[in-house]
Amino acid sequence: MSFTPVGTTDTLETFRTRYNATNITIVDDASGTVDITLATDSLKISGGTGIASAISGDVITLSASDASTSAKGIASFHSDNFAVSSGAVTIKDGGIIRAEIAADAIDGTKLADNAVNSEHYTDGSIDTAHIGDDQVTAAKLANTSVTAATYGSGSAIPVIVVDAQGRITGVSTAAASSDLTISDSSSTTEVITLGSEHLKFTGSGGVTATISSGTVTYTFDNKTKVSSNDTTPGFLNGKLIAGTGVTFTEANDGGNETLTITAAAAKPTITSISPSVIPNTATTIVITGTNYVLTPNVDLIASTGVITQPNTIVRNSATQLTINVTLGTDGDYFIRIENPDGGAVRSSSAILGVSDAPTWSTASGSLGDLAAGGSTSFAVSGSSDSTVRYDLVSGSLPSGYSLNTATGAITGTENNATSETTFNFTIRLSDAESQELNRAFSITVTVGMANSGQFN
């Protein structure tokens, strides 16, 4: 059909009547189509996101909303920061200010080479860590108040002032003294002018001074013999050395000095005694030690303070004495030894014990007979002032018999000997002080005819 333009005042009904049309096709930008039946359908004009439509009379108005962070719309650009031309938006020079840049957002890749200048540094912001080693040259150091010159001479000493940063802040000179003042032992002084006078070292009274390579050496010329058996004269070099127990005493006798040498007496010592426990009877004791001079005095001192002297004293050598002593009172004793020159020693503890020696009650010899296969008991006994003990020290008991070390009982059952045998043995009686006394005994085992019995 031919198309005739519709006047501005034509209605859809006029359009339908004029062109005898029943439908109108609507096409969008994406070429999508929809048919509108003119007699029954309505054409709705609706806005999209951010766009609203309104109809008033014969006028349809489309309006757009302002844009937001979550919706599209109409946005305006501040003329101070942006320029808009033909729909294109650009950022003006200086349009982005500091407040619009996030902290730490700009790194070194966004900076042009040589873009950072001294105007960008804060006073004091460059510290030691930012300066490379050996990078500060003399050209970078400010001049100080020190004048370039040579300071010091043969008669002047340079005085240099340095601040805490190692900078020289002042230089001056001080006059050097050319005088040397010396004094002697009597405080007499003399001034020597250096450079024109000399300090002389000299000796007198047999002393010669020599100098070599800056060293002054004094030599003593007057030598003498030190002792009557000294064949070569010499000198003592200012000192004598005393050995152990030797004392030097110097007397001031008007120039002729007298040196007295005194040897101190060596004190005796006590190392050991044997035996260390003795009975109440006369007993010989050997004392071992050192420095026993001639025949020393020996005292035996009880805990009560009572002193007993030996019956005899024999000096065997400088290290050994033999004494014979009788101590009637039981107990522990100190030993004191004194040499004729007064040197003495007392044992640090009571090293000698006195105790009754053990004694046997049972006579030595045969204890009796024992029939073969029998179980006859025997016993030995003794006593002391402390607990006693019995020990078989030699020989043997009949087979099947044993000795009770605490009681002295000899018991058992004989193992049916086939021949008569006498058993000889020795038993030791000892006490708590280790004092001992041995005694010999015997027991005879008897056998009857054909070992069937005993004939008495």
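Rule-based calculations on the coordinates, nothing more; no lab input. A quick note: this is a predicted structure, and the numbers were derived from the prediction, not measured. With ideal geometry, Cβ positions are generated from the backbone for all residues, glycine too; neighbour counts draw on all protein chains shown.
Brief remarks follow.
- In straight-distance terms, cross-link reach from Lys92 covers every one of the aspartates and glutamates whose alpha-carbon lies under 18 Å from its own, apart from those fewer than eight places away in the same chain; here that gives Asp80, Glu100.
- Cα centroid of the stretch 326-360 to Cα centroid of the stretch 18-57, whole Å: 146 Å
- Virtual spin-label span in nm between Trp360 and Thr181, 7 Å along Cα→Cβ: 10.2 nm
- Segment Ser76..Ala30, full-extension length gain: 13.7 nm, with 0.36 nm per residue of separation and the alpha-carbon distance subtracted.
- Cβ-based exposure ranking for Ile182, Ile313, in which fewest neighbours within 10 Å come first: Ile182, Ile313
- Exposure proxy ranking, count of Cβ atoms within 10 Å, fewest first, for Arg98, Arg439: Arg98, Arg439
- In this rough spin-label picture, where each label sits 7 Å from Cα along the Cβ direction, the Ser172-Thr150 distance is 2.3 nm.
- For Ser213, Ser377, Ser364, Ser355, order by how many other beta-carbon atoms lie within 10 Å, fewest first: Ser213, Ser377, Ser364, Ser355
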